[in-house]
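What follows is one structure encoded as structure tokens, with my remarks underneath.
The numbers here are math on the coordinates, done by the rules we state, and not lab data. On a predicted model such as this, the values are computed, not experimentally measured, just so you know.
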Amino acid sequence: MIKGIGVDICDLRRLNHLDQLAKKILHVDEFSLYLSKGNDKAKREFVGGRFAVKEAFVKAAGYKSFKEICCLNDENGLSLIHIWRCRRIALCR
């Protein structure tokens, strides 16, 4: 049952110390993608997007740890949210 709908956005201008933030909130698999980004703008957008996804998921599911939440895309671009130590529990576009 849906109890509410919301929008989570992230002001990219407020993201400072990108590498520290990335290490704090990204899962190991996400962090390797972050490192592959070619420039600071792409890195900032990646971290901001992952932060917004994880914040929305934490609010909706009541889950606590950002680092155990991993959002990756399959070969068709579908976003998959994985909770490590659990099985995949959510699909989103």
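Excluding residues fewer than 8 places away in the same chain, name every one of the aspartates and glutamates whose C-alpha is closer than 12 Å to that of Lys64.
Glu55
Quick check on region 17-76: what are the equivalent-ellipsoid semi-axes from the Cα gyration tensor, as sqrt(5λ), descending, whole Å?
Details: eigenvalues 73, 35, 21 Å².
So the three semi-axes of region 17-76 are 19, 13, 10 Å.
Given the pairs Lys23/Lys43; Lys23/Lys67; Lys43/Lys67; Lys37/Lys59, which span a C-alpha to C-alpha distance of over 20 angstrom in this model?
On the way: Lys23/Lys43 12 Å; Lys23/Lys67 9 Å; Lys43/Lys67 17 Å; Lys37/Lys59 28 Å.
The pairs that break the limit, which is 20 Å between Cα atoms, are Lys37/Lys59.
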